[in-house]
Structure formats: C-alpha cells, structure tokens
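What follows is calculated from the coordinates using simple rules that are stated; it is not laboratory data. These numbers were taken from a predicted model, which means no experiment stands behind them. Positions of Cβ are generated from backbone atoms using ideal geometry, with glycine treated the same way; all protein chains shown enter the neighbour counts.
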Ligand code: BES
Ligand code: ZN
C-alpha cells in the first residue's frame, strides 16, 4: 500500500486541477436547458474512468439522463465493490449569492468552491483517484470494482430503479460503497448507517379564473394564498408533531441505546444554531436536535408562491397559490403510503372555495443498516488510515433513494463514507469541499479497496461455514 499512498501524496495538486475540469461542467439535471451539459458530464465521467484504467466504460441510456458504467474485474478470487455516485448537480440559483462563479471552481482557504464540489462530483472523483493510484502503481486493484454513476440523483433517481432491475447480472457485487454525505463534523470522520426517505408534492390552489381587484372583490371570494397558508398551518402542531392522520403509524421508534449513542457524540448545539444563523432551534418536542434530524420524520414547506411579490404595493387577490412541500421519512415509513395519507388529508382540509390539484413529485425510501458487518468495520479501518482518527457512526437526515433499492433488489449491504462537512453548503450558494478532507478521502478510499478485499475473506469463510449466502449484513437495526 505504501507506494499507492505515496502516489496519492505526490499527485495531490494535479487532482485539484483535474477536479476543477469536472466541476466546470454545469450538469444540472433539473433544468432541461442543461441536458446537453449533463450528457457532456456523463461523457467526461466515462472518459475519466477509461483514463484511470477501468474497463468497458460506457454510457447506458435511460429514458432520462444517461447512467455511466465502468468496471475492473481482474481479481476473480476477490470480492466485488459496486461503487455508486452521481454526476448531476443541483441548480445554482440564487446566483448573486455565490462568492465565485459556481462552475469556475475556486480554491479559498483550503476549500474548493463550486456546485458539485461536495455533492457529489468531488466525492466521486476521490474514488477515481484512488483507483488510478492502485492501477498506476500495481497495475491492478485489490478488489473487483463496478462503477455506477447516475445523472438523475438530484431529481429523484426516477429511472435508476428500473435500470437496476434490468441489469441485475451486470451489477452483481458483494457490497455497495457510496461517498455522498457529510462527515459528522470537521475533524470527526464518520460512517453513516441511516438515511431518511422522502415524499415530495406540489399543491396548486385556484380561487378565481384570473387575479381580481382586492377592493371590488375582496370579501366575496376565498383568497387562495390565505387558504394555502391555513392548510399548511394545520400540518404540524405547536410541538412540531405532524397532524396528518396515521402519519406515525409505521415509524420505528428510537431505541434507548441508540439515543444514548447519539447523546455521546460531540455535538455542540449552540454552535450549530449560531452557524445556521437561527434565532432559536425548533423541532418535535421530546427529541434532541440530532434525533429530530436523523431519526424523526418531518413535514416541510420547500417553496411558496402566490400573488404580488414585486416592489411596492398592488391591491390584488391572487387567482392561484402554489406550495412545494415534502416529508422526510424514517424506517419503516413507505413514501407511497405516506403519499396516500397526505393526499387524503389535503383533500379533507381544503375548503370547497378553491380548486385543488396535488402533484406527486419524487420520493425515496428511508434506509438503515446494522454497522457490525465486516464491510463497515473495514471502512472504519480505512478511514482511520486516511484521517488518523477512528470514525464515529452517525445517521443523516438527507436521502439517497437508490440505497434501499440496492438492499431490496440486489440484497447488498451499503457502506456510506462521506467526506463533506455540515457547512459544505450543498444545494446552496458557495458549495464547497475541504481539500484536506478530499485528500484524506482519496487515501481512505485506496485503503478501503484493500481492506474490503480482506473483510470479504472473512465473510466468505463465514458463509461457507454457515452454508448459506444470507443477507445478514442488511438486517435492519
Ligand atoms: N448527497 C445528498 C444526500 C445526503 C444529504 C445524504 C445529506 C446525507 C446527508 C443527495 O445528493 C441529495 O441531496 N439527495 C436528495 C434526494 C432527493 C432529490 C430525492 C435529498 O436528500 O434531498
Ligand atoms: Zn448527492
């Protein structure tokens, strides 16, 4: 391993220059105007995977943006890692709040600023460089690897489940590795063992066929902006509990031991609040902040639009009002079932004075895994080698819809080791990735491939011994 790690140290600056090229491609999956850029980014990903020595690198078409696949299968006796990441990024607006242009990656104070720096191109690139180091120095990898890099994660991975179901053989592996999450805190690397799920909706209300003079008609018809506000205001009680009937039916309650583990983590609530610029924190009563974000569901308004919002005053009754709302879900809530409960509730609380339209947008299942499996343990050792510190185990509030698909469709355990930071500004202006963490991530990834080779030996012996290929690694906590 020494010469692999030396190679990584020596090439540190080159990596940053190359990453800048990757980050320069505006692969915004949500905006149709960027479709050509998204494809160009897929091609760049494919070409890079060929450059570093992976084989059969290619685009796989889907009804949406292409998936990029590549592999190296030269170690018949070793296990196979399926690496998953995404090359698409979130839109950049509001553009005026960026200190430097989002697609001209800029290094300031040891951090690289650009859309996709942390989420997820920077973290995908980290693995490319770890592969490259192994290939350049040894001419081989210590494990077999398959890379599946998608272009629709930020818009809900709508076509990926079908792609996976249709390519089960191609994607056959022993473990999934993903780097698409933040670490617990600066200087505190972590392994993530749980993600929340998501159910996302748009609500449209119409109160009249066009905007009305608020003097001539105010008082005679319902105002859809008011109605929408009233509906949304009923979604949660004062204690932050969601009032949609049966919403909590399937929620797996936190176990006392897990709460104790959360409480032991070095979490500074005051600093957290100050960093967010929030006057006071708010969440479901009876739970700590980490519990609220990692292990409790929530209902949020993501966007609201109605009436006159320009400068000055305009006396008008808006004809329409619109809200984007989403719910983060926890094990064992099902996005489909929650969607049905949500729609029934909105229909019930919406008065007859407005026309209602509900649109289901994307969703994803929550995920949680036991972390005493050999792959997670292997990742722990790799991270310790890369960062000089043992990782803590955490859950996260964000969602990666495909993780539960890997578990359900391919029976694979997932190891989530991310090197972003809570203040990485993902999905926001000035997204950034700490270059020290990026470098530690390349080193950790290089060790991870080596470690997983050995961890899987243990698994295989165990499997042979038990005579079964169980899915023990995936058992929910
Ligand atoms: N990288 C994030 C997922 C993430 C965020 C994991 C924070 C852990 C902590 C991912 O790219 C993302 O943003 N996913 C979306 C999924 C959605 C569009 C279905 C999310 O969580 O909003
Ligand atoms: Zn991401």
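Measuring r between the beta carbons of residue 340 and residue 238 and using R0 = 22 Å, the FRET efficiency lands at 0.25. Binning all Cα-Cα separations of region 266-416 at 5 Å, short to long from zero, yields these whole-percent fractions: 2, 6, 11, 14, 15, 14, 14, 10, 6, 4, 3, 2, 1, 0. All C-alpha to C-alpha distances of region 306-361, sorted into 5 Å bins beginning at zero, yield P(r) values of 4, 13, 20, 18, 14, 12, 9, 6, 3, 1 percent in whole numbers.
Classification of region 1-119 by its C-alpha gyration tensor yields an oblate form. The axis ratio a/c (a ≥ b ≥ c) is 1.5 or more, and b/c is at least a/b. Using a/c under 1.5 as the rounded threshold, could you call region 316-400 rounded, prolate or oblate? The axes a ≥ b ≥ c are square roots of the C-alpha gyration tensor eigenvalues, and prolate needs a/b larger than b/c, oblate otherwise. Judged from the Cα gyration tensor, region 316-400 comes out prolate (a/c at least 1.5, a/b above b/c).
Rounded to the nearest 0.05, what FRET efficiency is calculated for residue 348 and residue 16 with R0 set to 56 Å and r the Cβ-Cβ distance? The pair residue 348/residue 16 has a calculated efficiency of 0.55.
Take the Cα of residue 93, step 7 Å toward its Cβ, do the same at residue 359, and the gap between the two points is 1.4 nm. Extents of region 180-336, taken as max minus min of Cα coordinates on every principal axis and listed largest first, are 62, 35, 30 Å. Could you tell me whether region 141-252 comes out rounded, prolate or oblate from its Cα gyration tensor? Rule is a ≥ b ≥ c as square roots of the eigenvalues, rounded for a/c under 1.5, then prolate if a/b exceeds b/c, otherwise oblate. It comes out prolate by the Cα gyration axes.
Among 317-325, 335-343, 350-358, the peptide with the highest mean count of other Cβ atoms within 10 Å heads the list, and the full ranking is 317-325, 335-343, 350-358.
Between residue 278 and residue 311, the simple label model (points 7 Å from Cα in the Cβ direction) yields a spacing of 3.4 nm.
Computed from the alpha carbon positions, the gyration tensor of region 332-465 leads to an equivalent ellipsoid with semi-axes of 39, 22, 10 Å, biggest first.
Computed across region 106-186, the Kirkwood hydrodynamic radius from all distinct Cα-Cα pairs reaches 15.2 Å. If you bin all the Cα-Cα distances of the chain at 20 Å, starting from zero, the percentages per bin are 23, 54, 20, 3, 0. Find how many whole Å separate the alpha carbon centroid of region 346-407 from the alpha carbon centroid of region 76-91. Taking the Cα centre of each part, region 76-91 and region 346-407 sit 17 Å apart. Available extension along the chain between residue 428 and residue 108 is 113.5 nm, counting 0.36 nm per residue and deducting the alpha carbon span.
The spacing between region 149-198 and region 19-54, judged by their C-alpha centroids, is 18 Å. Helices in the chain, meaning DSSP H runs of at least 4 residues, each add -39500 (n - 2.57). Divided by all residues, the mean residue ellipticity at 222 nm is -11000 deg cm²/dmol.
Ranked by the mean number of other Cβ atoms within 10 Å of their residues, highest first, the peptides 193-205, 150-162, 104-116, 436-448 fall in the order 436-448, 193-205, 150-162, 104-116. Rounded to the nearest 10 degrees, the inclination of helix 121-138 to the longest alpha-carbon principal axis of the chain is 10 degrees.
What is the mean projected area of the alpha carbon convex hull for region 1-54, to one decimal in square nanometres? Present the calculation step by step, with values, prior to reporting the outcome.
Numbers: hull surface 18.1 nm².
Taking the Cα atoms of region 1-54, their convex hull projects to 4.5 nm² on average.
Over the chain, Cα pairs under 8 Å with separation of 6+ residues give a relative contact order of 24 percent.
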